[in-house]
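Undergrad: Handing you this structure, nothing more for now.
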Amino acid sequence: RQQIPTPAKQEILERSLVSGGDTGRLVSKKMKASSKKKDGSAGHADADEYPGYARFVEEGTIGYSAMQCSRNAVFPTHLQGRFASCSPEHTLLRIGGGGNTTSGPGGSGTATWGVGKRGQLGHGNRDDESQPRLLLGKIGWGIRIVQVAAGGGLVRVAHSLLLTSTGRVLSFGTAQYGQLGHGYDAGKQLSDCLRPRYIEALKHEKCICVAAGELHSGAVTVDGDVYTWGEGFCGQLGLGDRRPHLLPEQVT
């Protein structure tokens, strides 16, 4: 059961960070203490310590945001989401709260921008967006988003994944390589999705994490099972072959 954050927990980041001095960056108090020279003068923190510190800030911020977003979620707060995700051509951002009544409470809405030629922005068209634009269709209210993932890399090839507070996965954008997980449409085509659409093959699974690659996608369930789908020509799906898989399949 997820804990409701106490005032002490909410202030953990502020109490753990100090000014980085001339560098202008924030550092952890432990890093600053360890960077002092033996003679007591100020030194520089080990460069190797910075990735760990950055990870600490990321997980702390994410965990707090997730707790605010969905207090009845069934999975750990540290797995509950990412604020933003970028491909070479588009960006997804969880947004909301702070008086923003148009996108749901606690960061549970989503805004997108960038190139939209394959529907990867989810607005029902193929238009580019130069500024963040909120997704509609109950995103942020009836459908509360806890993680976003932007995939792509090739020119004019990009897709997006959204994870909901109930463990469902939505996808939209390029379907050419099966990375959306919807399979063939009625016309036996892999048609791009211009709006978020639930992946029906995962409807009986509670997912806690999603990832979008260049031409493939993946998800982890609350039981620890891993599902992948999309292009597999490099063996990136882990399914024992190099074929594309148009629907999610469990990695065993």
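Undergrad: If a residue counts only when it is touching a helix residue (DSSP H, G or I) at 6+ places or on another chain (Cβ under 9 Å), closer than 25 Å to HIS123 by Cβ and aliphatic (A, V, I, L, M), which strands (runs of 3 or more DSSP E) contained entirely in segment 155-252 have at least 1 such residues? Let's see the steps before the verdict.
TA: On the way: elements: 158-164, 169-173, 193-198, 207-212, 216-221, 226-230, 245-250.
Strands (runs of 3 or more DSSP E) meeting the threshold: 169-173, 216-221.
Undergrad: Residues in segment 144-158: is at least one over 20 Å from ALA212 (Cα atoms) and open to solvent by 60 Å² or more (accessible area, probe 1.4 Å)? Write out each step before concluding.
TA: Quick first cut of segment 144-158, residues over 20 Å from ALA212 (Cα atoms) only: none.
Among the residues of segment 144-158, not one is over 20 Å from ALA212 (Cα atoms) and open to solvent by 60 Å² or more (accessible area, probe 1.4 Å), which makes the answer no.
Undergrad: Within segment 215-231, can one find any residue that is closer than 22 Å to GLU89 by Cβ, of a type in the set (A, V, I, L, M, F, W, C), open to solvent by 40 Å² or more (accessible area, probe 1.4 Å) and modelled with pLDDT of 95 or more?
TA: Looking through segment 215-231, none of the residues is closer than 22 Å to GLU89 by Cβ, of a type in the set (A, V, I, L, M, F, W, C), open to solvent by 40 Å² or more (accessible area, probe 1.4 Å) and modelled with pLDDT of 95 or more.
Undergrad: Across segment 198-209, which residue is surrounded by the fewest Cβ atoms within 10 Å (Cβ to Cβ) among those that are touching a residue at least 12 places away in the same chain (Cβ under 8 Å) and more than 14 Å from TYR184 (Cα to Cα)? Even if it seems obvious, please write down each step before you answer.
TA: Taking segment 198-209 as the starting set, the residues that turn out to be touching a residue at least 12 places away in the same chain (Cβ under 8 Å) are 198-203, 205-209.
Still in the list and also more than 14 Å from TYR184 (Cα to Cα): 198, 202-203, 205-209.
Values: TYR198: 16, LEU202: 21, LYS203: 10, GLU205: 20, LYS206: 14, CYS207: 24, ILE208: 22, CYS209: 19.
Restricting to residues being touching a residue at least 12 places away in the same chain (Cβ under 8 Å) and more than 14 Å from TYR184 (Cα to Cα), the top hit is LYS203.
Undergrad: Still on this structure: So, in segment 159-183, of the ones that are at positive phi and either touching a Cys at 6+ places or on another chain (Cβ under 7 Å) or modelled with pLDDT under 90 (or both), which residue ends up surrounded by the fewest Cβ atoms within 10 Å (Cβ to Cβ)? Break it down into steps so the answer makes sense when it comes.
TA: Of the residues in segment 159-183, the ones at positive phi are 167, 173, 178, 181, 183.
If we keep only those that are either touching a Cys at 6+ places or on another chain (Cβ under 7 Å) or modelled with pLDDT under 90 (or both) as well, we get 167, 173.
Numbers: GLY167: 19, GLY173: 29.
So, considering only residues that are at positive phi and either touching a Cys at 6+ places or on another chain (Cβ under 7 Å) or modelled with pLDDT under 90 (or both), the one surrounded by the fewest Cβ atoms within 10 Å (Cβ to Cβ) is GLY167.
The values are calculated or read from the model by the stated rules, or taken from the named source; none is laboratory data. Source: prediction; values computed, not measured. Using ideal geometry, Cβ is built from the backbone for each residue, glycine included, and neighbour counts are taken over all protein chains shown. What goes into the accessible areas is simple: the full protein's heavy atoms, side chains included, and nothing from ligands, DNA or RNA. Shrake-Rupley method; radii C 1.70, N 1.55, O 1.52, S 1.80 Å.
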